[in-house]
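**Q** I am attaching a structure below and will ask some questions about it afterwards.
The values are calculated or read from the model by the stated rules, or taken from the named source; none is laboratory data. A quick note: this is a predicted structure, and the numbers were derived from the prediction, not measured. Every residue, glycine among them, receives a Cβ derived from its backbone with ideal geometry; neighbour counts consider all protein chains shown. For the accessible areas, the whole protein counts, side chains as well, though only heavy atoms, and no ligand, DNA or RNA atoms are used. Shrake-Rupley method; radii C 1.70, N 1.55, O 1.52, S 1.80 Å.
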Amino acid sequence: MAEYIDNEKIKESEGESSFDFRKIWSIVILNWYWFIFSTLVCVALAYVYLRYQRPVFSAETKVLIKDNDNRSRRYGNNFDLSDLGIMTNSNGFDNELEILGSAAVATKAVTALKLYVTYSIAGRVTEVELYKNSPIVVDLDESHLAELEMPIPMKINRKGKGLHVAITLPSIENPKGEILERDLSSLPATINTKVGTIMLAPNPGINMPDREMTVTIYPPLMMGRMYARALTINRSSKMTTVAILTLEDTQRDRALEYLSQIIKSYNDDANEDKNEVANKTKEFIDERIDMIRQELDSTETSLEKYKRDNEIINLPTNASQSLTQSTEMQKRQVEIQTQISLVNLLTDFVSNPANCYEIIPANIGVNNQSINKVIADYNDKVLTRRRLLRSAPEQSPALLQMTDEVRSIWEAIQQQLAGIGNDLRVQKKSIDDQYALYSGKVTRTPSSERVLNSIGRQQEIKAGLYLTLLQKREENYISLASTAAKARIIDEPLYKGIVSPKSRIIMLFALILGLALPLGLFYFLELIRFRIEGREDVEKITNIPIVADIPLSNVIEEGERAVVVRENSNNIMEEVFRGLRTNLRFLLSPGEKVICVTSTVPGEGKTFIATNLAMSLALLGKKVLIIGLDVRKPRLVQLFGLSSSKKGITTYLAMENPTLEALKDQIFYGVENENLDVMPAGIIPPNPGELITREALDKGIEMLKDIYDYIILDTPPVGLVSDTYELARVVDLTLFVCRSEYSAKSDFDIINRAQAEGKLPKVNLVLNGVNLKKKKYGFYYGYGSYRSYAKYGTYYGSYGHYGSYGHYGDHNSGKTHLEK
């Protein structure tokens with residue numbers, strides 16, 4: 001009996017989770033064929049997708065980004081390459097990684113490999129991409145390639161022994177492009193267009209197929225940006241300058257070749273920046289050499305002219321100590337003046353605001369290690385800034401920071417040059433004073449000797465400076481020739497496998513999707529269903545016990561009406577009403593005999609349940625009376641086939657002084673069974689609600705209790721009128737009838753409220769109209785082997801005609817209406 005009564009405990013044991021695994025399992029079992037069909041379809045679609053989807057391959061390489069400081073130490077202290085013009089081109093490993101992954105470097109690699117041209121050939125379903133196995137090689141002339149802004153698609157087809165080429169050229173007037181068609185008899189060939197000269201050449205060893213071939217020429221910068229986005233660069237560790245480069249591409253060989261080429265392009269880019277300083281220094285040294293050569297030639301010419309004019313061949317060598325000191329001071333004057341000139345040249349250069357972000361000539365002979373080091377650092381910052389300009393926007397934080405650093409060093413150089421110039425001028429003044437002192441002592445030296453010595457020393461000084469600049473120029477040439485690679489490949493590019501599509505994951509996803517789609521669909525339909533379908537639904541929305549599940553019948557047998565419980569019958573309908581009968585005997589206490597059968601709305605089968613329950617109790621040998629208290633819509637006369645008369649409960653209630661004999665006169669005896677009596681509703685009164693509140697009803701029920709074992713009241717639906725609540729005073733037990741696939745879940749709020757507020761005694765539920773032909777109910781109730789119930793009709797679902805239940809409250813029509 002716990003199955004019928006203690007539903008509340010069952011619900012508590014199952015928990016309040018909205019995710020019902022038992023329902024999911026029942027959905028799977030009942031709809032297994034849909035799950036199989038959905039799974040097969042999803043797996044088949046996944047197979048087709050994998051068959052025609054281009055695989056994406058992954059390639060990887062390890063690269064060492066060389067540290068310039070370490071490289072300088074590797075050569076030792078005796079040979080500092082920074083003096084040769086080999087300047088550092090990065091201040092940090094992060095900057096180098098940004099440059100390595102920039103679109104500018106990627107564009108150089110794309111151009112070198114000619115990856116800006118893509119080839120594909122028509123397949124059965126999709127186009128097949130070609131790389132190095134294209135029968136035709138297409139290119140655009142370099143001058144127009146650099147100016148190309150839009151892709152140029154081409155269609156190439158066989159035409160006889162030649163080719164037919166259709167080129168879509170960009171056009172401002174036509175957004176779809178301008179079509180240019182050419183027929184080519186042989187290859188190689190050229191096609192002149194407004195965007196440049198397109199060159200077509202055969203690829204040796206590969207024949208042109210009969211299928212259409214698609215060629216697209218992209219702007220190199222566009223492809224460079226695409227490859228820059230596809231390239232992934234990661235640090236190997238925080239303690240090293242090793243980078244891991246990963247590229248994903250639809251062509252394995254192309255990915256490997258691109259990784260190798262990107263390193264070459266990066267090294268070329270780094271060497272170009274590095275040699276820019278050396279080239280600037282070369283220009284400066286060459287200019288100074290030409291200037292000093294002219295001065296040296298002028299000095300030699302002056303010496304020659306002086307000797308020829310004065311007919312001087314040889315002078316005595318009796319120079320005094322004063323002359324020696326004077327000569328030394330003069331030499332120092334020349335050296336100081338040379339340093340002042342060099343400093344003035346640099347000062348003029350840095351004083352020009354236009355040169356703020358330009359390379360400053362380095363190693364020109366200024367004898368100040370501090371200023372030389374600052375200039376070298378400045379040149380390094382300028383180069384780094386230029387490289388960042390090619391890979392980052394002007395407003396990026398890194399570029400703004402580098403610009404500030406260059407500006408601050410530029411100002412520091414200006415200040416240092418000013419200080420050095422002041423120091424040199426102070427030294428020169430001191431040397432001039434000493435020279436004046438010593439020169440006064442040599443006034444006795446012949447003027448010719450002084451002149452010759454002066455010209456000779458000037459010649460010597462200029463010759464020494466000329467040799468020094470020649471030496472610096474040779475060193476600068478060495479720096480231009482020593483182009484060491486900035487990055488070195490540690491591990492050659494290797495193929496790492498297919499990264500997309502992932503066959504196992506896609507197949508697993510297809511399998512899961514194939515199972516989830518029908519499950520989700522059926523589960524969603526279960527969630528949005530607003531009518532009850534079975535015991536499960538009822539138990540979720542109410543704690544009221546369910547005392548019986550009445551199956552649905554589909555056929556009405558000739559001559560039989562809604563009373564499906566018959567004597568000497570043993571079908572499923574008999575069994576379920578026997579079960580209901582048994583449960584009621586446990587629910588009723590001794591002396592309790594009145595059972596109220598009601599529902600929430602019309603059409604749920606309360607009259608069907610009441611009549612068949614009465615018949616089942618009568619077959620048990622009990623004396624049973626069924627009273628039609630649904631006086632607004634009486635049906636008992638029609639159900640039992642009684643003769644139309646004025647007999648009924650309303651006739652009794654309308655009497656002023658009703659007696660037991662008057663009450664018995666309203667009963668039809670021995671209907672369908674000798675133990676079953678029927679008291680129909682009788683005449684429909686104009687005031688049914690007031691009629692059932694009379695005390696005569698209470699007295700009549702008490703008198704009938706002495707005669708009958710069970711009294712069943714067929715009452716109106718509680719969702720429309722309150723008559724049933726008025727009848728609760730004479731009722732011992734209430735059966736609420738709900739109908740599968742008919743009763744709304746929201747109607748159970750009325751039932752739950754009636755129980756909670758105690759408006760009806762001993763409320764129990766009867767689930768009516770369960771269609772056992774549906775697999776879900778056969779699976780739940782276990783009635784799959786029964787078939788005899790099919791001969792009984794769905795009479796309780798149609799006889800009521802409660803769609804027009806609006807007659808409730810229509811008093812005028814009720815005055816003359818009798819039960820039919």
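**Q** Which order do LYS647, LYS305 take when ranked by solvent-accessible area (1.4 Å probe, heavy atoms of all protein chains), largest first? Mind dumping the intermediate values first?
**A** On the way: LYS647 75, LYS305 110 Å².
Descending order: LYS305, LYS647.
**Q** Run the quick spin-label model on ARG22 and SER746: label points 7 Å from Cα toward the beta carbon, then report their separation in nm to one decimal.
**A** 2.8 nm
**Q** Further question: Under 25 °C and 0.890 mPa s, how fast does the stretch 145-285 diffuse according to Stokes-Einstein, given a Kirkwood radius computed over C-alpha pairs? Answer in µm²/s, whole number.
**A** Answer, rounded: 127 µm²/s.
**Q** In square angstrom, what is the accessible area per residue of the stretch 511-642 with a 1.4 angstrom probe?
**A** Dividing the accessible area of the stretch 511-642 by its residue count gives 36 Å².
**Q** Just subtract the alpha-carbon distance of ILE512 and GLU295 from 0.36 nm times their residue separation and send over the number in nm, one decimal.
**A** Extra length from ILE512 to GLU295 when fully extended: 69.1 nm.
**Q** What ranking, highest mean first, results for peptides 512-522, 236-246 when packing means the other Cβ atoms within 10 Å averaged over each residue?
**A** 512-522, 236-246
**Q** Further question on the same structure: What is the calculated FRET efficiency for ARG124 to THR197, with r their C-beta to C-beta distance and R₀ = 41 Å, to the nearest 0.05?
**A** My answer for the efficiency is 0.70.
**Q** Relative to the present Cα-Cα distance, how much length would full extension add between ILE489 and ASP706 at 0.36 nm per residue of separation?
**A** That pair, ILE489 and ASP706, stretches by 67.2 nm at full extension.
**Q** How large is log10 I(q)/I(0) at q = 0.12, 0.21, 0.22 Å⁻¹ when the Debye formula is applied to the Cα atoms of the stretch 105-196, each weighted equally and without solvent?
**A** Once normalised to I(0) and log-transformed, intensities are -0.44, -1.32, -1.40.
**Q** Once fully extended, how much extra length lies between PHE524 and MET655, figured as 0.36 nm per residue of separation less the alpha-carbon to alpha-carbon distance?
**A** Taking PHE524 through MET655 to full extension adds about 41.4 nm, to one decimal.
**Q** I'd like to compare 612-618, 659-665, 277-283, 416-422: which one has the highest average count of other Cβ atoms within 10 Å, and what's the full order after that?
**A** Details: 612-618: 26.3, 659-665: 13.4, 277-283: 20.3, 416-422: 16.9.
Most protected by this proxy first, the peptides run 612-618, 277-283, 416-422, 659-665.
**Q** What list of ³J(HN,Hα) values in whole Hz, one per residue of the stretch 277-291 in order, does the Karplus curve 6.51 cos²θ - 1.76 cosθ + 1.60 (θ = phi - 60°) give from phi, with Gly and Pro shown as x?
**A** Rounded to whole hertz, the list is 5, 5, 5, 5, 5, 4, 4, 5, 5, 4, 5, 5, 4, 4, 5.
**Q** Based on the Cβ-Cβ distance from ALA662 to ARG578, what FRET efficiency comes out when R0 is 41 Å, to the nearest 0.05?
**A** Working: r = 36 Å, r/R0 = 0.87.
With a Förster radius of 41 Å, E is 0.70.
**Q** Could you tell me the center-to-center distance, by alpha carbons, between the stretch 695-741 and the stretch 194-208 in angstrom?
**A** Using only Cα atoms, the two centres lie 98 Å from each other.
**Q** How large is ³J(HN,Hα) for each residue in the stretch 749-761, as worked out from phi by the Karplus curve 6.51 cos²θ - 1.76 cosθ + 1.60 (θ = phi - 60°), to whole Hz, x for Gly and Pro?
**A** Couplings: 5, 5, 5, 5, 5, 5, 6, 5, 8, x, 6, 10, x Hz.
**Q** Points 7 angstrom from Cα along the Cβ direction at GLU328 and TYR49: gap in nanometres?
**A** Output for this residue pair reads 9.3 nm.
**Q** All other residues with a Cβ under 10 Å from the Cβ of ILE198 taken together, and with Lys, Arg as +1 and Asp, Glu as -1, what is their net charge?
**A** Around ILE198, the charge tally is -1.
**Q** At R0 = 22 Å, how high is the FRET efficiency between PHE93 and SER370 if r is their beta carbon distance? Nearest 0.05 is fine.
**A** E between PHE93 and SER370, to the nearest 0.05, is 0.20.
**Q** What residues from the stretch 357-385 fall in the zone where the backbone N is under 13 Å from a label point 7 Å along the Cα-to-C-beta line of ALA412?
**A** Once the point is set 7 Å along Cα→Cβ of ALA412, 370-382 turn out to lie under 13 Å by backbone N, inside the stretch 357-385.
**Q** Shifting gears a bit: Under 5 Å between amide hydrogens, which residues at least 5 positions from ILE136 or on another chain qualify, with H placed 1.01 Å from N in the peptide plane?
**A** Amide H to amide H, under 5 Å and 5 or more residues apart or across chains, ILE136 pairs with ASN203.
**Q** Could you work out how far apart the two model spin labels at SER186 and ARG211 are, taking each label as a point 7 Å from the Cα in the direction of the beta carbon, and quote it in nm?
**A** With each label point 7 Å from Cα toward Cβ, the separation is 2.9 nm.
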